[in-house]
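The values are calculated or read from the model by the stated rules, or taken from the named source; none is laboratory data. Keep in mind the model is a prediction, meaning the values are calculated, not measured. Heads up, the Cβs are rebuilt from the backbone with ideal geometry, glycines too, and the neighbour counts pull from every protein chain shown.
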Amino acid sequence: MFLDFKQLSASEKQSWLNSAIGPRPICFASTMDANGQVNLAPFSYFNLFSSNPPIVIFSPLKSANQNPLKHTLQNVIEHPECVINLVDYSMVAQMSLSSCAYPKAIDEFTKSGFTKAAATMVQPPLVKEAKIQLECKVIEIKSLGDGPGAGQLVIAEVLCMHVAESILGNDKKINPAQLNLVARLGGDWYCKVDAFNLFEINKPNKQLGMGIDQLPEGIRNSQILTGNHLGLLANYHELPAVDPAFNDERLKNIIQYYGISPTEMERELHLYAAELLNDNRIETAWQILISLENV
Ligand SMILES: Cc1cc2nc3c(=O)[nH]c(=O)nc-3n(C[C@H](O)[C@H](O)[C@H](O)COP(=O)(O)O)c2cc1C
């Protein structure tokens, strides 16, 4: 399917892009107008764009049926501060409720049942239930257009951050399995981060990874190993040496059993290496694969 954006309506563009670009983190923004009237609303057109200076951007869109601007945008124009509360699974239904287009005089904290807590460096309140709150100064507002769906970038500098003790691991860092962030996808879909869908990938080596082009041909062209497997192997700086102390029963059995058929032996060893790589046992997988090079 091919989509030429010039041929699409505003709502079609939004629908396709919302489904393609995700999951998007949710900025749950607490703001205040010049008279001190508080507003709370979620925005998933949101991300971190600089860590030093610490800059986040979220984007209230112009909508066809909403004139004047979204209350959040009106507020940050009047009072250039906000608190960005991060949304975890325990908050998601109340957060969604707060996105109703209530009249300006209505405080979404009351409607959605969240509790206000005083911020330290800005005037809009924190959402007490959030496990992370960022107190921000709005440094610039950049309009990307006037039509329906046009983003209005709220560029904000993070002044300070509150982190609940309950989401810190033993190493005193944020444990994503305890934080349970939620994120927005297309349509009505959300996803949540939990222990079952988290995984780690080692950062590329401080030394450069050798690259897939440098893998031995038999590995690179394997019918068994996937792109993810090759990516893990090619993150090594150079081909590892055979470890003389490496002793593996299954490897011995494969070599003994399939010794007469190099093609089948390669297939079995690649299947074994794939299992190891799926378990992130990269060093062992390499030992299996280089033993094949040396048979
Ligand atoms: C999870 C979620 C994410 C949203 N993201 C955005 C967004 O990025 N931009 C936007 O304009 N509206 C977004 N909305 C809709 C706004 O929250 C909604 O228009 C809200 O009424 C705006 O409130 P306000 O007028 O008080 O600022 C989102 C709604 C939900 C539930």
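Here are the numbers:
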{"item": "Positions within the range 89-128 being under 16 Å from residue 162 (Cβ atoms) and either assigned to a helix (DSSP H, G or I) or within 13 Å of the ligand (Cβ to nearest atom) (or both), in sequence order", "result": "91, 124"}
{"item": "All positions within the range 196-238 that are in a loop (DSSP other than H, G, I, E, B), closer than 26 Å to residue 267 by Cβ and polar (S, T, N, Q)", "result": "221, 222, 223, 226, 235"}
{"item": "The range 1-43: number of residues that are under 24 Å from the mean Cα position of the chain (by Cα) and hydroxyl-bearing (Ser, Thr, Tyr)", "result": "3"}
{"item": "Set 44, 19, 50: member being in the same structural domain as residue 140 (by TED's automatic domain parsing), without any contact (Cβ under 8 Å) to a residue 12 or more places away in the chain and either more than 15 Å from residue 96 (Cα to Cα) or small (Gly, Ala, Ser) (or both)", "result": "50"}
{"item": "Residue that is nearest to the ligand (Cβ to nearest atom), among those in the range 175-188 that are in contact (Cβ under 8 Å) with a residue 12 or more places away in the chain and not in a helix (DSSP H, G or I)", "result": "184"}
{"item": "Search result, residues across the range 119-152 that are closer than 24 Å to residue 78 by Cβ and either under 20 Å from the mean Cα position of the chain (by Cα) or polar (S, T, N, Q) (or both)", "result": "120, 123, 130, 133, 134, 143, 152"}
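Results for (1) closer than 25 Å to residue 178 by Cα; (2) at pLDDT 95 or above; (3) touching a helix residue (DSSP H, G or I) at 6+ places or on another chain (Cβ under 6 Å), shown as yes or no for each residue.
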{"site": "15", "(1), (2), (3)": "no, yes, no"}
{"site": "48", "(1), (2), (3)": "yes, yes, no"}
{"site": "68", "(1), (2), (3)": "no, no, no"}
{"site": "75", "(1), (2), (3)": "no, yes, no"}
{"site": "87", "(1), (2), (3)": "yes, yes, yes"}
{"site": "96", "(1), (2), (3)": "yes, yes, no"}
{"site": "99", "(1), (2), (3)": "no, yes, no"}
{"site": "108", "(1), (2), (3)": "no, yes, no"}
{"site": "116", "(1), (2), (3)": "yes, yes, yes"}
